[in-house]
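Engineer: My questions will all concern the structure given below.
The values are calculated or read from the model by the stated rules, or taken from the named source; none is laboratory data. No experiment lies behind these values; they were computed from the predicted model shown. All Cβ positions, even for glycine, are placed from backbone atoms using ideal geometry, and neighbour counts span all protein chains on display.
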Amino acid sequence: MSETPILDVRGVSKRFGAVQALTNVDFQARSGEVMALVGDNGAGKSTLIKGIAGIYPFDGGEIHFEGKKVNIHNPKDSAALGIEVVYQDLALADNLDVVANMFLGRERIQKPWQLDEASMEKACIETLVSLSVSTLRSVRQAVAGLSGGQRQAIAVAKAVMWNSKVVILDEPTAALGVAQTRQVLDLVKRLAQQGLAVVIISHNLHDIFEVADRITVLRLGYKVKEFLTKDTTQQEVVHAITAGTLESVPGMV
Ligand SMILES: Nc1ncnc2c1ncn2[C@@H]1O[C@H](COP(=O)(O)OP(=O)(O)OP(=O)(O)O)[C@@H](O)[C@H]1O
Ligand SMILES: [Mg+2]
């Protein structure tokens, strides 16, 4: 576990019209650790992630990455830093196979107009093997025929393949059954073991207590608490989610 956070979000705010979705929120992620982001519906979890990804840039506040202040105005900026987000809808192309999905938009070219299929297939298989994703029959299988857990694994592997340093997963197990949830949680642990900083949004505290080192709680757009998982209980976290009040002035250290 590293002490300095690779991703250090300081005092960010975001307003959508009349809705103040985030107010002066601090949030951190550390390499080799899993940070859970929890809170009730509408607490601002997805908004925080989308701000970090550059989809809806923040109105105010700062983002520091690897110790330096950075500007993230769009998804290209966050990808260039090594931040990858796996959204709940996954954004996979059903009609394409696994390899084509993992290289979508960043295909390797051999000659003009010709894709380097062999090298892409090799890189794809290597990534899946490194993550111990073993339930796929073939990387030439169309994604439409995969289970929810397999799709999630592909989306995560795609994020990992691009030298990412921070992988953010927005409710990766929400639609999955028991066995598939198991696979995804194991994958989350392996990402952290490989040295990545992982952020996971989930409503399932049981899952969070299994994989997360730390837990950040948002409530009504405020950060109300950050827990070390080993020092807290599900009951304490539920209390923070439903009734948490601010412990300090937002944005102040
Ligand atoms: N694009 C948008 N336009 C307007 N309001 C938005 C937009 N995105 C989010 N909001 C509002 O911001 C607030 C926070 O929403 P957000 O999606 O971040 O919540 P969440 O914590 O991810 O909730 P859930 O657990 O339901 O996914 C909500 O009040 C929501 O209605
Ligand atoms: Mg959300």
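Engineer: Report yes if S164 is over 22 Å from K230 (Cα atoms), part of a helix (DSSP H, G or I) and away from ligand 2 (no atom under 16 Å from the Cβ), otherwise no.
Structural biologist: no
Engineer: Please name all residue pairs, on different chains or six or more residues apart, with Cβ atoms under 7 Å, provided the first residue is in segment 198-217 and is farther than 14 Å from T173 by Cβ and the second residue is away from ligand 1 (no atom under 12 Å from the Cβ) and in a helix (DSSP H, G or I).
Structural biologist: D213/T229; R214/T229; I215/I208; I215/T229; I215/V237; V217/V237; V217/A240
Engineer: Let me ask something else. With respect to the numbered conditions (1) at pLDDT below 95; (2) out of contact with any Cys (no Cβ under 7 Å at 6 or more places or on another chain), which one is the sole condition not fulfilled by R10?
Structural biologist: (1)
Engineer: Being over 12 Å from D97 (Cα atoms) and in contact (Cβ under 8 Å) with a residue 40 or more places away in the chain is the filter here, so list the residues in segment 136-155 that pass it.
Structural biologist: Residues satisfying the conditions are Q152, A155.
Engineer: Name the residue, out of Q193, Q180, Q141, that is over 20 Å from F27 (Cα atoms), touching a Ser or Thr at 6+ places or on another chain (Cβ under 9 Å) and not β-branched (V, I, T).
Structural biologist: Q180
Engineer: Is it true that E62 is within 28 Å of D186 (Cβ to Cβ), surrounded by fewer than 20 Cβ atoms within 10 Å (Cβ to Cβ), free of Cβ contacts under 8 Å to residues at least 60 places away in the same chain and not aliphatic (A, V, I, L, M)?
Structural biologist: No; evaluated as a whole, the condition is false for this residue.
Engineer: Restricting to segment 30-52, name every residue that is under 14 Å from the mean Cα position of the chain (by Cα) and within 13 Å of ligand 2 (Cβ to nearest atom).
Structural biologist: Selection gives L37, V38, K45, S46, T47, L48, I49, K50, G51.
Engineer: Within segment 105-135, work out how many residues are surrounded by 12 or more Cβ atoms within 10 Å (Cβ to Cβ), touching a residue at least 24 places away in the same chain (Cβ under 8 Å) and more than 15 Å from Q150 (Cβ to Cβ).
Structural biologist: 2
Engineer: Also, quick follow-up: Please determine, by comparing only the residues of segment 23-34 that are closer than 11 Å to L7 by Cα and away from ligand 1 (no atom under 15 Å from the Cβ), which one is surrounded by the most Cβ atoms within 10 Å (Cβ to Cβ).
Structural biologist: In this case the residue turns out to be A29.
Engineer: Got a sec? Which strands (runs of 3 or more DSSP E) wholly within segment 169-251 have at least 3 residues that are over 16 Å from the mean Cα position of the chain (by Cα)?
Structural biologist: It comes to 222-228.
Engineer: Spot the failing condition for V85; the list is (1) over 21 Å from G195 (Cβ atoms); (2) touching a helix residue (DSSP H, G or I) at 6+ places or on another chain (Cβ under 6 Å); (3) among the hydrophobic types (A, V, I, L, M, F, W, C); (4) modelled with pLDDT under 95, and only one is missed.
Structural biologist: Of (1) over 21 Å from G195 (Cβ atoms); (2) touching a helix residue (DSSP H, G or I) at 6+ places or on another chain (Cβ under 6 Å); (3) among the hydrophobic types (A, V, I, L, M, F, W, C); (4) modelled with pLDDT under 95, only one is false for V85: (1).
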